[in-house]
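Everything below concerns the one structure shown next.
The values are calculated or read from the model by the stated rules, or taken from the named source; none is laboratory data. All values derive from a computational prediction rather than experimental measurement. Counting neighbours? That spans all protein chains shown, and the Cβs are built from the backbone with ideal geometry, glycine included. Remember, those area values only see protein heavy atoms, side chains included, never the ligands or the DNA or RNA. Shrake-Rupley method; radii C 1.70, N 1.55, O 1.52, S 1.80 Å.
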Amino acid sequence: MKPYFIFLFLYLSQNFYFSYEHRCGVDLIKMKPFKISENKYKRKLSSEFNPIQIRVDYTQLQIQSPKSINYYKKIFSNVIKYISSLLSVQHIKLELEANYIKQSCTDIFSNDAENWLYENDLVLFPYIDYDFDDDVLAAASACLILNNYRPVGGIIGINNNVMVNKKKDLDAYFEMLLLHELSHVLGFHPYFFENLNLITKENINGFEYTYINSPKVLEKAKIHFNCPNVKGVQLEDQGGEGSAGAHWEARYMLGDYMISTDYPEVVISDITLALFEDLGFYKANYYTGGLFRFGKNQGCSFLEDRCIKSGKINYPNEFCAEPYKPLCGSSHLSRGQCIIGKYSEEIDSRYRYFEDNYMGGSFSSVNYCPVSQDSSSIYNNKNYNYPAHCKYGELIYSSVGEVIGNNSLCFESSLIPSESSNSPNLQSVCYEIECNKFKKEIIIKIGTSKVICPGERTTLTNIGGFNGSIECPEYNLICSSEILCNDMIDCINKKSTSLRSTYLYLEGKILNRNN
C-alpha cells in the first residue's frame, strides 16, 4: 500500500518581483499510511517520555557522491537533534517484518532495518528523486503507523537539484526545509487531524473554514493572541488540497514553519508544539525563544477583523498599506518592504482591501493582506536563500551601521550620522541589540554609539549624534527570551525559554513559569 506523499513546491511569483516560495501538495497521492497490526509489537509502552529517537536509512543515497552523502547525513543529523530536543515519546519495542517496509515505504533498505524500531521510535528512508519537476524540492510521508495512528516510519524524497545552486545559507535553508517535511511525517497532516478528531469546521457566508480546536492548541493560542475566546486556529483554506487543511493559515500564523509557503522569517510557535502534544503521542519542550510574534497580544479583534478596514491598519506590526514602504517582519528577524500589486484576475471578494478589485498584497497566502516581504530588487548578491534575514542575509546598509549576525534584529530607521552630508532615508536595517531586562529597554548598537528604545512602541527623533528617526517596537515583543536568539535553530540550540508563554510538565501537571 502506498502512503500519502507531501510535495514541497518552489513557487515563482510572476506578478510583482522575483521571489521564491514553496508550497506543499498533499493531494498528489491519496493513499493511507500502512497500519501495523497490534499483535506485531509489544503492547506495553515505556512509562517515561524520552527524547524521540529517529534513525535514518541512507541506503538509497548511496548513488550520490561521498561528499553529497556526508552533507545529507550532516543535515539529517542536525534536524533529528532539533526535533529530539523538542519532542519526547514513550518508547515501544517494535519487531517489524521486512515485508512491511517493502510494501509501504521502499523496496531498497538496509538488511537489518526491520530491527531498528526495537531501539528507535521512528525510521526514515530518504532518497534522491531525479523525476521531480524543477519546482518540486522534496516529498515526505508517514508510511508506517501504529494502531493509535502514531507514525513509526516515514520517507523523504529530495529533488536532485536542491543543491545545484549552493547558497551561503544553504545549511539553514535545508535544515528548515527538512524540519518542515519531518513534521508532516510526525503527524502535521490532515490524515492525522481527521482520524484523531482535532478539527472543527465552520461555514461563514457560504465558505467553509477548518480549525484545529484541540485543548493545548486552544490554550497556547489564547496566551499568544491574548484572546480568551479563541475558537481554534485556522488551517490554510487556499491552494487546493496541496496547501489547504495541511498547514496553518498564514493570515494568523505568518512566520511559523508550518505555513504552506516559504517566508523570510521561519520560526516554531508554541501553538505548533501544542498541536504535536494534542496528537497524543508526544510531549513538547517549549523553548523556541518566543520568536513567533505575528499577532502576539493583539487580542480577539486580530482574529476577527480584516487586516485593512476602511483604509485603516489596526495592526502595524503585522500589516501595511503604503506600497514599497520599508518594513521589518513581524518578528523583526528580517528586512522587507510593503509590496502591493495588481493581479491579472479579480481577487476573491473575501480578500479585497482596496477599491481596485485586482489590487492586493503580493503574498497571496496571507489572504492577500499586505505584509513585509523581501524584494530581490534591493539585493546585489543572489547567492542567498534568505537575503533579507538579519542573521543569514546580505549586508546592504553598512554605511549606516548595519550588522548581519547572531545578535541582530530589524528596525525601521532613517538614522544617519550627524556629520553625514546625506539626507535621512527610511530603510529596514539590521542592528545589533541587547535587552536590558531590569529597565525593560532595547539597546541598539549603531557603530560605536548606542540608541536606547524604551519599553513601549514609539518613534525616536533628535537622537544625539544622528539625524533621522527610528521606530522602536515594544520591549516585550522583542526581548521575550532569557537568551537572545534570532532564528528557530539558534533558539533550539541555546534552549531559550519564553518568559511569557513557557510551561513545564511535572508529574502530569502544567506549571506556569510566571506563577
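For a test of the definition: using alpha carbon positions, the gyration tensor, and the 1.5 limit on a/c, classify the stretch 382-439 as rounded, prolate or oblate. Cα axes put the stretch 382-439 in the oblate bin. To the nearest ten degrees, helix 66-86 and the longest principal axis of the Cα atoms of the chain are 80 degrees apart. You can think of it this way: the chain between LYS309 and ILE483 has 58.9 nm of extra reach, that is 0.36 nm per residue less the Cα-Cα gap.
Residue farthest toward the positive end of the dipole of the chain, with Cβ of Lys/Arg at +1 and Asp/Glu at -1: which of SER334, GLY468, ILE443? Farthest towards the positive end: ILE443. Beyond 22 Å in Cα-Cα separation lie the following of the pairs LYS73/LYS382; LYS32/LYS231; LYS73/LYS167; LYS74/LYS168; LYS35/LYS216; LYS73/LYS168: LYS73/LYS382; LYS32/LYS231; LYS35/LYS216. At R0 = 35 Å, how high is the FRET efficiency between ARG55 and ASN383 if r is their beta carbon distance? Nearest 0.05 is fine. After rounding, the FRET efficiency stands at 0.55.
Relative to the longest principal axis of the Cα atoms of the chain, the long axis of helix 170-186 makes an angle of roughly 50 degrees. Go through the stretch 237-338 and name the chymotrypsin sites (Phe, Trp or Tyr not before Pro) that are in a DSSP coil and have 16 or fewer other Cβ atoms within 10 Å of their Cβ. Listed in order of number, the matching sites are TYR324. Each residue of the stretch 427-435 is assigned a 3J(HN,Hα), and the resulting list reads 9, 9, 10, 8, 10, 6, 9, 9, 10 Hz, derived from the Karplus form 6.51 cos²θ - 1.76 cosθ + 1.60 (θ = phi - 60°), x at Gly and Pro. With the full set of protein chains in place, find how many percent of the accessible area of the stretch 378-492 is carbon and sulfur; take the probe as 1.4 Å. Result for the stretch 378-492: 44 percent of the exposed heavy-atom area is carbon or sulfur. Compared with the alpha-carbon gap, the fully stretched path from THR448 to LYS102 is longer by 118.3 nm at 0.36 nm per residue. Of all GluC sites (Glu not before Pro) in the stretch 92-152, which ones are in loop regions per DSSP and have a Cβ with at most 11 other Cβ atoms within 10 Å? Taking the stretch 92-152 and a limit of 11 other Cβ atoms within 10 Å, the loop GluC sites (Glu not before Pro) found are GLU95, GLU97, GLU119. Annotation note: GluC sites (Glu not before Pro) in the stretch 436-473 located in DSSP loop regions with a Cβ neighbour count of at most 15 within 10 Å are GLU456. With the convex hull drawn over the C-alpha atoms of the stretch 152-193, the volume per residue is 76 Å³. Annotation for GLU95 and ASN407: the two label points, set 7 Å from Cα along the Cα-Cβ direction, are 5.7 nm apart. Let me make sure I get this right: for the stretch 90-236, a, b and c are the square roots of the gyration tensor eigenvalues over alpha carbons, sorted descending. Under 1.5 in a/c it's rounded, otherwise prolate if a/b > b/c, else oblate. Which is it? Judged from the Cα gyration tensor, the stretch 90-236 comes out oblate (a/c at least 1.5, b/c at or above a/b). The largest accessible area among VAL366, VAL403 belongs to the first residue in VAL403, VAL366, and the rest follow in falling order (1.4 Å probe, all chains). In the chain, the calculated helix contribution to ellipticity at 222 nm averages -5000 deg cm²/dmol per residue, counting -39,500 (n - 2.57) for every DSSP H run with n ≥ 4.
Note on SER110 and TYR358: their simple-model spin labels are 5.8 nm apart, each label 7 Å out from Cα toward Cβ. Can you classify the stretch 44-107 as rounded, prolate or oblate using the Cα gyration tensor, where a ≥ b ≥ c are the square roots of its eigenvalues, rounded means a/c under 1.5, and otherwise it's prolate if a/b beats b/c and oblate if not? Here the stretch 44-107 falls in the oblate category. Label-to-label distance, LYS342 versus THR459, with points set 7 angstrom from Cα along the beta-carbon direction: 3.0 nm.
Within the shell of other residues whose beta carbon sits under 12 angstrom from the beta carbon of GLU412, the net charge comes to +1, with Lys and Arg scored +1 and Asp and Glu -1. Note on the chain: Cα Rg divided by 2.2 N^0.38 Å, N the number of residues, gives 0.98. Each Lys and Arg adds +1 at its Cβ and each Asp and Glu adds -1 at its Cβ; summed about the Cα centre, the chain shows a dipole of about 1240 debye.
Entry comment: accessible area of the chain is 42 Å² per residue, from protein heavy atoms only and a probe of 1.4 Å.
More than 14 angstrom separation, counting every C-alpha pair in the stretch 253-335; what % is that? That tail contains 68 percent of the Cα-Cα pairs. Taking the 1.4 Å solvent-accessible surface of the stretch 180-225 as the whole, the part contributed by carbon and sulfur is 42%.
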